[in-house]
Protein chains: 2
Amino acid sequence: MKINGSTPRRNKRERQVQLQQLISEDPFLTDEDLAIRFQVSIQTIRLDRLELGIPELRERMRHAASENYEKVRSMAGTEIVGELIDLKLGESGISILETNREMAFKKTSMVMGHHIYSQAESLAMAVIDANAALTGVSNIKYLQPVESGDKLVAKAEVVRVRGNKHFVHVLIQNRQVQVFRGKFILVTMDTIKEERV
Amino acid sequence: MKINGSTPRRNKRERQVQLQQLISEDPFLTDEDLAIRFQVSIQTIRLDRLELGIPELRERMRHAASENYEKVRSMAGTEIVGELIDLKLGESGISILETNREMAFKKTSMVMGHHIYSQAESLAMAVIDANAALTGVSNIKYLQPVESGDKLVAKAEVVRVRGNKHFVHVLIQNRQVQVFRGKFILVTMDTIKEERV
């Protein structure tokens, strides 16, 4: 199956670097996906993962999820829509959402916007380093339709914290194509209560 | 119980006009609420409703809901988050959402933003006079925290249709206080498919 069989060593090193990069960008990639991508056998990908110490997809997700949920401060981990696979509190986070028929319009099989929004907003909430918060403002763009069954990878980044306001940007990709971007301003709770009085 | 008992006829007419107005603005008002508002007995409110031909709260909602769901074109009625109690297709609509604990952060009992968003977005989708559509853009402001148990009344208005784009504004109130406003641009489906090609 190898295409450039003449220089296997160099290819292997390059492939492993790229493989690591790809998996960090899209944690949903299966060994099959990667084998097709690099035009090598699935067995080769498995050996690459072994050498690099990257566990298989399911294991990667299970492990990452349990570690990340513990870090969340602003909400209960189970309140996040999607699975939290990476979290640097106060900086960034990644979640994945496997869409299904129940999230889609029966008529068109397209996922309803508010399910995608929910993934984004709850990830934005999870990444901020605050005790409790509420969304104040959001600015949303749906860039491509998402079909029932698509797997969405959301990446959130805290871009600024000013007093009680946390500015968070969220991008969502579907097979490396951007389908959504959201800008959120989250407001920590103590201040909200004060403003209400 | 009547306060201005000296001019009951004039008061009654005024009260009935106001009562009709109030119920159209907030369909969640019970006879008890109205009795307190007008400082009359519940029995008086019931008689007013009888004379005006306004059914009681539960009946109002049941009747309105079944009629309105039939008018929706862009989606299945059951896909609307909340209960659709008024619909002028292509013009405006009203839905109500009874929030509960499952919609709220355990930590604070405050309703998560994305549930409020879902009510707004699905109502915006329901009111447009189109066969199928997706959300393109939304611009959201959460104005007041909403607590678990609060009843939200959402009003959507189609403000402009330009080609395949439907501009819809949604306001949500909680006990006559505005808690959310959203501006949506919905894009009809045929065009989305064309753009994708």
**Fill in**
Going from the fewest other Cβ atoms within 10 Å to the most, one would list A:Phe180, B:Phe184, B:Phe105 as B:Phe105, A:Phe180, B:Phe184
**Request:** Mind listing the long-range amide H neighbours of A:Ala132? Cut-off is under 5 Å, sequence gap 5 or more, other chains count too, H placed in the peptide plane at 1.01 Å from N.
**Result:** A:Met189
**Request:** In whole Hz, with x marking every Gly and Pro, tabulate ³J(HN,Hα) for segment A:77-87 from phi via Karplus 6.51 cos²θ - 1.76 cosθ + 1.60, θ = phi - 60°.
**Result:** x, 5, 7, 6, 7, x, 10, 7, 9, 8, 8
**Item:** B:Val179 long-range amide H proximity, modeled H, under 5 Å
**Value:** B:Ile172, B:Gln173, B:Asn174
**Item:** For the protein assembly as shown, calculated [θ]222 nm from helices alone, where every DSSP H run of n ≥ 4 adds -39500 (n - 2.57)
**Value:** -12000 deg cm²/dmol
**Request:** For segment A:95-197, calculate the relative contact order in percent as a whole number, restricting contacts to Cα pairs under 8 Å that are 6 or more residues apart.
**Result:** 30 percent
**Request:** Extending each Cα 7 Å along its Cβ direction at A:Gln18 and A:Ser66, get the distance between those two points in nm, one decimal.
**Result:** 3.4 nm
**Request:** Please state, to two decimals, what the Cα-based radius of gyration of the protein assembly as shown comes to when divided by 2.2 N^0.38 Å (N = residues).
**Result:** 1.21
**Complete:** Sorted shortest first, the nm distances from the B:Glu51 label point (7 Å along Cα→Cβ) to its counterparts in the other copies are 9.0
**Asked** Quick one: if the Förster radius is 45 Å, what FRET efficiency do B:Glu98 and A:Glu51 give, using the C-beta to C-beta distance and rounding to 0.05?
**Response** 0.20
**Asked** Stokes-Einstein at 4 °C, 1.567 mPa s, Kirkwood radius from Cα pairs: D for chain A in µm² s⁻¹?
**Response** 71 µm²/s
**Request:** Note down the relative contact order for chain A as a percent, whole number, built from C-alpha pairs under 8 angstrom at least six residues apart.
**Result:** 17 percent
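Taken together, the values in this text are just the output of simple stated rules run on the coordinates, not laboratory data. No experiment lies behind these values; they were computed from the predicted model shown. For neighbour counting, all protein chains shown are included, and Cβ atoms are generated from backbone atoms with ideal geometry for every residue, glycine included.
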